[in-house]
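The values are calculated or read from the model by the stated rules, or taken from the named source; none is laboratory data. Bear in mind the structure is a predicted one, so any value in this text is a computation, not a measurement. Neighbour counts run over all protein chains shown; Cβ positions are idealised from the backbone, glycine included. Please note that ligands, DNA and RNA were not included when accessible areas were found on the heavy atoms of the full protein model with its side chains. Shrake-Rupley method; radii C 1.70, N 1.55, O 1.52, S 1.80 Å.
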Amino acid sequence: MMLVRLALVALVMVGALAPGLLAEQTPAPLAPAVATAAAPPVAEAAPKVDSGDTAWLLASSALVLFMTPGLAFFYGGMVRKKNILSILMQCMILCCLISVQWVLFGYSLAFSPGNWFIGSLDWAGLSGVGLEPFKDYSATVPHQAFMIFQAMFAIITPALIIGAFAERIKFSAFVAFMVLWATFVYDPVAHWVWGAGGMLRDLGSLGGALDFAGGTVVHINAGVAGFVMCLCLGKRRGFNGKTNPPHNLPFVVLGAAMLWFGWFGFNSGSALAANGLAVSAFVVTNTAAAMAGLTWAVLEWLVNGKPTIFGTVTGAVAGLVAITPASGFVSVLPAILIGIGVSVLCFLAVAYLKPKLGYDDSLDAFGVHGIGGMWGALATGLFASKLVNDAGANGLFYGNPTQLLTQAIAVGATILYSGVCTFIIYKVLDAVIGVRATEKDEVIGLDLTQHREGAYTILE
Amino acid sequence: MKLVIAIIQPHRLEQVKAELYKAEVNLLTVFEVLGHGRQKGVAEVYRGMKETGNLLHKVCLEIAVNDNFVEPTIDAIVKGAQTGETGDGKIFVLPMERCIRIRTREEGTVAIG
């Protein structure tokens with residue numbers, strides 16, 4: 001059963017960009033049960049909206065939106081000063097672009113009950129997405145509250161990729177890439193994991209893959225896309241195999257702090273209710289971030305002689321990445337182990353693997369989000385416990401080894417799909433408009449050449 | 001003794017430094033400057049208001065050398081900074097009257113190196 005499904009995934013990947021596939025024409029022979037979820041919510045006994053849950057979800061949505069400007073400063077501080085505005089611009093334009101894409105058709109593709117691969121266009125323009133709860137996703141908040149919460153995830157995921165191709169992408173190509181990537185990569189993968197009838201939500205006898213707040217959908221997805229993009233685009237000109245010194249480390253710290261703050265909405269908000277599970281997710285999120293930041297600092301102290309602020313905040317962000325899929329399923333002691341594990345793995349990836357392989361992942365989008373996301377998704381299969389979340393499952397250490405396999409399938413499917421589709425999108429765009437900035441533009445800096453603005457003045 | 005002043009493209013600084021080390025010129029002061037020659041600067045736009053002729057970022061090097069090091073220093077800077085495009089920069093060589101090492105109060109050619 002599982003193999004058949006994976007074979008089908010591979011098939012669909014090949015033709016994923018073919019127009020028309022978005023419609024419901026792809027048959028769903030293996031998941032007939034999902035069609036039943038399509039009944040309009042008003043027809044059922046309308047569930048009651050809970051004011052506390054709604055308040056927390058709206059607040060969480062605002063928190064998650066705040067992460068994207070946070071990411072802008074986190075990344076912006078790391079680049080050379082001639083490129084900071086390009087990073088800030090790319091993040092802010094995504095807030096604008098994806099917000100609109102999401103209400104027009106993105107939410108519908110990701111969440112309307114379609115087939116196992118992708119939703120339909122039934123909810124395009126939010127038609128049918130009203131103020132009554134849609135009980136398949138969230139029984140106690142208005143459907144639009146769930147929709148806008150998810151919009152913020154759709155914004156930050158493509159923004160994470162920016163770190164991999166920073167300082168060398170043409171802005172027009174960036175905008176085109178992001179619209180295509182959000183539509184053909186993010187929306188289907190979100191549907192697989194969270195959408196009604198999505199294939200990873202229910203893997204038959206294996207149960208479903210656990211991804212509480214987006215370890216596979218957000219972090220692995222973006223991390224792998226970043227990896228592919230930095231390989232396709234090539235290195236920055238003058239890249240000497242080391243990172244350039246960040247031009248503004250205080251900005252990096254500010255951005256990391258904004259990310260940590262916003263992440264409470266990301267993880268705790270994913271409980272979709274103001275309840276005990278939200279509290280538990282909040283606690284493990286903070287714990288994992290703290291432990292990972294601590295671990296990275298200690299590693300640097302041991303390896304390089306001094307702990308750095310850059311390393312500490314990188315560790316904290318890696319911890320947040322890793323706890324994301326697990327946050328609704330693990331208790332606090334496993335969260336500490338997840339935090340330690342992610343810093344060790346990401347530290348190795350960033351400090352040893354990257355220089356050894358020589359790829360130019362400018363700001364470590366893959367090293368932190370890709371690697372951290374994979375560890376988090378697999379760790380969920382190790383440490384998940386039904387004592388934390390009855391709706392979840394037990395992991396390997398709680399007597400259910402198949403959960404680890406399920407997690408591995410979700411990770412593998414995401415890596416494969418994201419990698420292949422990103423590559424196709426890149427190739428098409430490169431043939432049509434060219435993706436990389438010209439040498440002259442790259443040398444002068446993207447701020448002046450792509451936006452005609454400069455961030456800093458020397459005089460006055 | 002001469003004072004070599006060079007104005008170069010900021011992104012060529014690493015190459016120029018590497019060439020100078022090869023020529024065993026290890027003393028160097030670097031600062032950021034703004035300016036333009038024939039390029040006439042760049043246009044920038046702020047909230048729709050276009051400003052033309054803005055000054056370009058450049059890097060200025062000052063290197064004090066003994067006479068036998070003047071040519072190697074010039075060669076190294078040219079080798080590191082030359083792209084063939086307008087805006088590569090200029091080198092000025094000035095006579096230098098005195099040079100004093102603060103730590104020891106030594107003066108003259110010994111104080112440079």
Would it be correct to say that A:LEU94 is in contact with a Gly (Cβ under 7 Å, 6 or more places away or on another chain), in a helix (DSSP H, G or I) and closer than 21 Å to A:VAL179 by Cα?
no
Any residue at all in region B:10-20 that is open to solvent by less than 60 Å² (accessible area, probe 1.4 Å) and at pLDDT below 85?
no
The one condition B:ILE100 fails out of (1) under 21 Å from A:LYS82 (Cβ atoms); (2) free of Cβ contacts under 8 Å to residues at least 24 places away in the same chain is (1)
In region A:389-403, the residues that are out of contact with any Pro (no Cβ under 9 Å at 6 or more places or on another chain) and outside any loop (DSSP other than H, G, I, E, B)
A:LEU396, A:TYR398, A:THR402, A:GLN403
Residues in region A:94-139 that are at pLDDT 95 or above, closer than 24 Å to A:ASN267 by Cα and open to solvent by 10 Å² or more (accessible area, probe 1.4 Å): how many?
7
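Conditions (1) free of Cβ contacts under 8 Å to residues at least 24 places away in the same chain; (2) outside any helix (DSSP H, G or I); (3) within 19 Å of A:GLY419 (Cα to Cα), marked per residue:
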site: A:GLU167; (1), (2), (3): no, yes, no
site: A:ALA173; (1), (2), (3): no, no, yes
site: A:VAL179; (1), (2), (3): no, no, yes
site: A:VAL185; (1), (2), (3): no, no, yes
site: A:VAL189; (1), (2), (3): no, no, yes
site: A:GLY197; (1), (2), (3): no, yes, no
site: A:ARG201; (1), (2), (3): yes, yes, no
If you go through A:PHE264, A:PHE239, the only one that is surrounded by fewer than 24 Cβ atoms within 10 Å (Cβ to Cβ), modelled with pLDDT under 90 and of a type in the set (A, V, I, L, M, F, W, C) is A:PHE239
Being assigned to a helix (DSSP H, G or I), away from chain B (no Cβ under 14 Å), of a type in the set (Phe, Trp, Tyr) and farther than 17 Å from A:GLY214 by Cβ: is that true of A:PHE74 here?
yes
Give the number of residues within region B:76-98 that are open to solvent by less than 70 Å² (accessible area, probe 1.4 Å) and away from chain A (no Cβ under 14 Å).
7
Going by what's in this entry, would A:LYS386 be described as more than 21 Å from A:GLY198 (Cα to Cα) and assigned to a loop (DSSP other than H, G, I, E, B)?
yes
Just one of (1) assigned to a strand (DSSP E or B); (2) touching a helix residue (DSSP H, G or I) at 6+ places or on another chain (Cβ under 8 Å); (3) open to solvent by 30 Å² or more (accessible area, probe 1.4 Å); (4) more than 14 Å from every other protein chain (Cβ to nearest Cβ) trips up B:LEU61, so point out which.
(3)
Which members of region B:48-58 meet the condition of being part of a loop (DSSP other than H, G, I, E, B) and at pLDDT below 75?
B:GLY48
Can you pull out the residues in region A:267-307 that are among the aliphatic types (A, V, I, L, M), in a helix (DSSP H, G or I) and open to solvent by 30 Å² or more (accessible area, probe 1.4 Å)?
A:LEU277, A:VAL279, A:VAL283, A:ALA290, A:MET291, A:LEU294, A:VAL298, A:LEU299, A:LEU302, A:VAL303
From B:VAL30, B:VAL45, which residue is over 13 Å from the mean Cα position of the chain (by Cα), in a strand (DSSP E or B) and β-branched (Val, Ile, Thr)?
B:VAL45
Of all residues making up region A:340-377, the number that are polar (S, T, N, Q) and either open to solvent by 10 Å² or more (accessible area, probe 1.4 Å) or within 28 Å of A:THR406 (Cβ to Cβ) (or both)
1
Can you list residue pairs whose Cβ atoms sit under 8 Å apart, with the first residue in region A:64-85 being touching a residue at least 40 places away in the same chain (Cβ under 8 Å) and the second being outside any loop (DSSP other than H, G, I, E, B) and hydroxyl-bearing (Ser, Thr, Tyr)? Count only pairs 6 or more apart in sequence or on different chains.
A:VAL79/A:SER86
Can you name every residue in region A:411-453 that is part of a helix (DSSP H, G or I) and under 29 Å from B:GLY48 (Cβ atoms)?
A:LYS440, A:ASP441, A:GLU442, A:VAL443, A:ILE444, A:LEU446, A:ASP447, A:LEU448, A:THR449, A:GLN450, A:HIS451
Among the numbered conditions (1) closer than 30 Å to A:GLY454 by Cα; (2) touching a residue at least 24 places away in the same chain (Cβ under 8 Å), tell me where A:CYS96 comes up short.
(2)
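Let's see how each residue does on (1) modelled with pLDDT of 95 or more; (2) within 14 Å of chain B (Cβ to nearest Cβ):
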| position | (1), (2) |
| --- | --- |
| A:ALA413 | no, no |
| A:SER418 | yes, no |
| A:LYS427 | yes, no |
| A:GLU442 | no, yes |
| A:LEU448 | no, yes |
| A:GLY454 | no, yes |
Right, A:ALA159: open to solvent by less than 10 Å² (accessible area, probe 1.4 Å), within 15 Å of A:SER270 (Cα to Cα) and touching a Leu at 6+ places or on another chain (Cβ under 9 Å) or not?
no
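For every residue, the table says whether it meets (1) more than 24 Å from A:SER138 (Cα to Cα); (2) hydrophobic (A, V, I, L, M, F, W, C).
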{"residue": "A:ALA257", "(1), (2)": "yes, yes"}
{"residue": "A:GLY276", "(1), (2)": "no, no"}
{"residue": "A:VAL284", "(1), (2)": "no, yes"}
{"residue": "A:ALA289", "(1), (2)": "yes, yes"}
{"residue": "A:LEU302", "(1), (2)": "yes, yes"}
{"residue": "A:GLY311", "(1), (2)": "yes, no"}
{"residue": "A:ALA316", "(1), (2)": "yes, yes"}
{"residue": "A:PRO325", "(1), (2)": "no, no"}
Filter region A:429-440 down to the residues that are within 14 Å of another protein chain (Cβ to nearest Cβ) and either at pLDDT 95 or above or open to solvent by less than 10 Å² (accessible area, probe 1.4 Å) (or both) and list them by number.
A:ALA437
Could you list, in sequence order, all residues of region A:378-393 that are modelled with pLDDT under 90, of a type outside the set (A, V, I, L, M, F, W, C) and crowded, with 18+ Cβ neighbours inside 10 Å?
A:ASN389, A:GLY392
Consider region B:1-41. How many of its residues are among the aliphatic types (A, V, I, L, M), within 14 Å of chain A (Cβ to nearest Cβ) and touching a helix residue (DSSP H, G or I) at 6+ places or on another chain (Cβ under 6 Å)?
2
